[in-house]
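Enquirer: Structure in structure tokens, see below.
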Amino acid sequence: MNKKLTDAINTQINYEIESAHVYLAMQSYISTLGLDGFENWFGIQFEEELAHARKFIKYMNDRGARVEIRGFEDPRNEFSSILEVLEVSLAHEKGVTDRINNLMTIAHEVKDYAAVSLLQWYVDEQVEEEDNFSKLIGQVKLVKDAGLYILDKELLTQAKNNKNIVIE
Ligand code: FEO
């Protein structure tokens, strides 16, 4: 594999693991609010970010490229509300989208079409991730406290129906 692309994917693997930590820290904060559905949903985001890292790692291994695991800064642990958590999350995902798009640009530059195919999955995933956070921000702004309670229970029901991780 091209070295520039390999380096960039290694950096992205690190960002995906860093994203997992960002959401785990948010989940920990949310646990103090008593919002079980949101708490569970952020646990799912944590698992998804690790899966994103693993998908890149498997791809690199399949292509015979060397994976390098790096470190990162502490995630933010304190917030003022669930709305702030969601807004920070959306901003974070927009940053991830920029990074994925940059990776796609490099893959095209070096004519690595297998990488282009892989990265298309991440491009599509980012559309979904940004949409999820945008919708939740809109819903939280719309509802008042009673509505927030209903939304929280609904998230938990959705997770159970989809057989996603549910913390009882
Ligand atoms: Fe791995 Fe939330 O993007």
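The values are calculated or read from the model by the stated rules, or taken from the named source; none is laboratory data. Just so it is clear, the model here is predicted, and its values are computed rather than measured. Positions of Cβ are backbone-derived with ideal geometry, glycine not excepted, and every protein chain shown enters the neighbour counts. Just the protein is used for accessible areas: all its heavy atoms, side chains included, with ligands, DNA and RNA removed. Shrake-Rupley method; radii C 1.70, N 1.55, O 1.52, S 1.80 Å.
Enquirer: Quick test for you: out of VAL96, VAL140, pick the one residue that is at pLDDT below 95, within 24 Å of TYR23 (Cα to Cα) and either more than 11 Å from the ligand (Cβ to nearest atom) or not basic (Lys, Arg) (or both). So that I can check it myself, show each step before the final result.
Expert: Values: VAL96 fails: at pLDDT below 95.
Every option except VAL140 fails the conditions.
Enquirer: Out of SER89, SER81, SER31, which single residue is out of contact with any strand residue (DSSP E or B) (no Cβ under 7 Å at 6 or more places or on another chain) and either basic (Lys, Arg) or within 16 Å of the ligand (Cβ to nearest atom) (or both)? It would help to see each step written out before you state the result.
Expert: Working: SER81 fails: either basic (Lys, Arg) or within 16 Å of the ligand (Cβ to nearest atom) (or both); SER31 fails: either basic (Lys, Arg) or within 16 Å of the ligand (Cβ to nearest atom) (or both).
Step by step, each of SER89, SER81, SER31 is checked, and only SER89 is out of contact with any strand residue (DSSP E or B) (no Cβ under 7 Å at 6 or more places or on another chain) and either basic (Lys, Arg) or within 16 Å of the ligand (Cβ to nearest atom) (or both).
Enquirer: Considering only segment 70-82, how many residues are over 19 Å from ILE44 (Cβ atoms) and in contact with a helix residue (DSSP H, G or I) (Cβ under 7 Å, 6 or more places away or on another chain)? Can you show your working first?
Expert: So in segment 70-82, the residues over 19 Å from ILE44 (Cβ atoms) come out as 70-74, 76-78, 80-81.
Retained after the next criterion (residues that are in contact with a helix residue (DSSP H, G or I) (Cβ under 7 Å, 6 or more places away or on another chain)): 70, 72, 76-78.
Final tally of qualifying residues: 5.
Enquirer: Given the condition part of a helix (DSSP H, G or I), in contact (Cβ under 8 Å) with a residue 40 or more places away in the chain and under 30 Å from LEU151 (Cα atoms), answer yes or no: does some residue in segment 99-112 qualify?
Expert: No - not one qualifying residue is present in segment 99-112.
Enquirer: Now a separate question. Specify the residue that is farthest from LEU50 (Cα to Cα); the eligible residues are those in segment 115-137 that are open to solvent by less than 50 Å² (accessible area, probe 1.4 Å) and away from the ligand (no atom under 16 Å from the Cβ).
Expert: Here the answer is VAL116.
Enquirer: Looking only at segment 67-114, count every residue that is open to solvent by less than 20 Å² (accessible area, probe 1.4 Å), aliphatic (A, V, I, L, M) and closer than 25 Å to THR6 by Cβ and tell me the total. Outline the logic, then answer.
Expert: Quick first cut of segment 67-114, residues open to solvent by less than 20 Å² (accessible area, probe 1.4 Å) only: 82, 85-86, 89, 93, 96, 100, 103, 106-107, 112.
Going one step further and asking which of them are aliphatic (A, V, I, L, M), we end up with 82, 85-86, 96, 100, 103, 106-107.
Restricting the remaining residues to those that are closer than 25 Å to THR6 by Cβ gives 96, 100, 103, 106-107.
Qualifying residue count, segment 67-114: 5.
Enquirer: Within the set of pairs 6 or more residues apart or between chains, which connect a residue that is under 14 Å from ILE82 (Cα atoms) and part of a helix (DSSP H, G or I) inside segment 143-168 to a residue that is modelled with pLDDT under 75 and open to solvent by 80 Å² or more (accessible area, probe 1.4 Å) with Cβ atoms less than 7 Å apart?
Expert: none
Enquirer: Do we have GLY64 as over 24 Å from MET1 (Cα atoms), of a type outside the set (Lys, Arg) and either modelled with pLDDT of 95 or more or surrounded by fewer than 17 Cβ atoms within 10 Å (Cβ to Cβ) (or both) here? Full working, then the answer.
Expert: Values: over 24 Å from MET1 (Cα atoms): no; of a type outside the set (Lys, Arg): yes; either modelled with pLDDT of 95 or more or surrounded by fewer than 17 Cβ atoms within 10 Å (Cβ to Cβ) (or both): yes.
Spelling it out, it is not the case that GLY64 is over 24 Å from MET1 (Cα atoms), of a type outside the set (Lys, Arg) and either modelled with pLDDT of 95 or more or surrounded by fewer than 17 Cβ atoms within 10 Å (Cβ to Cβ) (or both).
Enquirer: Yes or no: GLU49 open to solvent by 50 Å² or more (accessible area, probe 1.4 Å), out of contact with any strand residue (DSSP E or B) (no Cβ under 7 Å at 6 or more places or on another chain) and either more than 10 Å from the ligand (Cβ to nearest atom) or without any contact (Cβ under 8 Å) to a residue 40 or more places away in the chain (or both)? I'd like the intermediate steps shown before the answer.
Expert: Values: open to solvent by 50 Å² or more (accessible area, probe 1.4 Å): no; out of contact with any strand residue (DSSP E or B) (no Cβ under 7 Å at 6 or more places or on another chain): yes; either more than 10 Å from the ligand (Cβ to nearest atom) or without any contact (Cβ under 8 Å) to a residue 40 or more places away in the chain (or both): yes.
No; evaluated as a whole, the condition is false for this residue.
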